[in-house]
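S.K.: Below is a structure I'd like to ask you about.
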Amino acid sequence: MALYSEKVMDHFTNPRNVGKIENADGIGEVGNAKCGDIMKIYLKIENDIIVDVKFNTFGCGSAIASSSMATELIKGKPISEALTLTNKAVAEALDGLPAHKMHCSVLAEEAIRAAIKDYYDKNGIAYDKAEFPDPTDEDEHHIDED
């Protein structure tokens, strides 16, 4: 059995939505000190819809594939739907990740949430702070593998 699925390999070798959005409405940057991966997500939002999303990721193949898949899953979707995206959904959409690489899908989820929070902050939009735990707080950092 191969360590990585065909979808992981496809999103690693042919990542979607790579790049930067100038004057992005929301930018989220997260990293994992343990593995060195850094993910940055850029959002363009119109009428509460994510009309464009780009990413830059410095990291392993799983981190790049997770970023690519996560952007595909939220592009064209309402913010409310993007906020429901879980690391588990990203991993499932990639037909699975090895257990020791699940943290890559967590980074993708966290980067999207950070970008949405940035959008809310920039536009003075009220939100429940409990919906946006600080990813640097180890107690809040979780991996949903169910």
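S.K.: Under the definition of Cα pairs under 8 Å and six or more residues apart, what whole-number percent is the relative contact order of the chain?
M.R.: With pairs under 8 Å counted, the relative contact order is 27 percent.
S.K.: Taking the Cα centre of the chain as the origin, how large is its charge dipole in debye, to the nearest 20, when only Lys and Arg (+1) and Asp and Glu (-1) carry charge on their Cβ atoms?
M.R.: Roughly 560 debye for the chain.
S.K.: Please give the peptides 67-79, 117-129, 18-30 ranked by average Cβ packing (other Cβ atoms within 10 Å per residue), highest first, as a rough proxy for protection.
M.R.: Those peptides, ordered most packed to least, come out 67-79, 18-30, 117-129.
S.K.: State the extension gain, in nm to one decimal, for the chain segment bounded by Thr13 and Asp121, taking 0.36 nm per residue of separation less the distance between their alpha-carbons.
M.R.: The Thr13-Asp121 span can extend by a further 35.4 nm.
S.K.: While we're on this one: Treating the stretch 11-51 as a set of equal point scatterers at the Cα positions, no solvent, please give the Debye-formula log₁₀ I(q)/I(0) at q = 0.18, 0.21, 0.28, 0.35 Å⁻¹.
M.R.: -0.66, -0.81, -1.01, -1.11
S.K.: OK, next. With a 10 Å Cβ neighbour count serving as the proxy for reagent exposure, in which order, fewest first, do Arg16, Arg113 appear?
M.R.: In order of increasing Cβ crowding within 10 Å: Arg16, Arg113.
S.K.: Another question about this same structure. Calculate the spin-label point distance for Glu22 paired with Glu46, positioning each point 7 Å from the Cα along the beta-carbon direction, and give it in nanometres.
M.R.: 1.8
S.K.: With unit charges on the beta carbon (Lys/Arg positive, Asp/Glu negative), name the residue among Asn47, Gly26, Leu94 whose Cα is farthest towards the positive pole of the charge dipole of the stretch 6-128.
M.R.: So the residue we want is Leu94.
S.K.: Here is a follow-up. Positive end of the dipole of the stretch 6-128, charges at C-beta (+1 Lys, Arg; -1 Asp, Glu), about the Cα centre: which of Leu85, Gly59, Ala70 has its Cα farthest in that direction?
M.R.: Ranked along the dipole, the leading option is Gly59.
Every number in this text was worked out from the coordinates using simple rules, so none of it is lab data. Everything numeric here is computed off the predicted structure, so don't read it as measured data. All Cβ positions, even for glycine, are placed from backbone atoms using ideal geometry, and neighbour counts span all protein chains on display.
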